[in-house]
Amino acid sequence: MTARRYSRGVDQVASVDDARLIEALRERNEEVFERLTREYNSSLLRVAQIYVTSRAVAEEVVQETWLGVLNGIERFEGRSSLKTWVFRILTNIAKTRAQREGRTLPFSALERPGTVPEPAVGPERFLPPDHDRWPGHWAAKPEPWPEDRLLAVESRRVVQDAIEALPATQRAVISLRDVEGWSSDETCNTLGLTETNQRVLLHRARSKVRQALENYLAEAS
């Protein structure tokens, strides 16, 4: 792709509003395009893996997404943020690939997570229903963790591994919300979720990651 260069640096271009980014993409500015791919690729891959059967196919979906961005940028009307538009292209391509492969479970898990029976927190963490004073309350309330241990490299690795082990729908939601720092609205718009469904998936994901970290810290004590 032949780039028409701006006099200012790419950092300045990419830090301003969507209008400048859109202009840069329409001008085929290679530096801006490469920056966007570096910034979004990991998140795009996570979302693609909700729908398709393998990482290799997910990577193909991401590549098709960037081709769709380049081919469609002239028609982009700015009715959403550029980021949301890019991710909507991805989900449309990924859903089409998934339908060709006959893969439907991720759609139901995203759209109706309540139909997938799965407690957010293990029932053993709570007092039994027949408890004489506090049925349903914590049997042992979670304690705050020492900050230095949470910041340790090994603890971060445990969190990363726990996220990667989640079901694809939960992994995508927690990755966008807690790893990428997206807002609830951005996540819902990108994944086509209701606010309620997004909360259910995020709560389940966070509970599992917390449990993994609790187990690790207890073993390391």
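Things worth noting here:
- Each residue in Tyr51, Tyr40 was given a count of other beta-carbon atoms within 10 angstrom of its own, and listing them fewest first yields Tyr40, Tyr51.
- Estimated inter-spin distance, Arg28 and Asp185, nm [label 7 Å along Cα→Cβ]: 3.6 nm
- The GluC sites (Glu not before Pro) of region 11-75 meeting both criteria, a DSSP state outside H, G, I, E and B (loop) and at most 16 other C-beta atoms within 10 angstrom of the site's C-beta, are Glu27.
- With the simple model of a label 7 Å out from the Cα in the direction of the Cβ, Thr196 to Asp161 spans 3.7 nm.
Each reported figure results from applying straightforward, stated rules to the coordinates on display, with no laboratory input. These numbers were taken from a predicted model, which means no experiment stands behind them. Cβ: placed from backbone, ideal geometry, glycine included. Neighbour counts: every protein chain shown.
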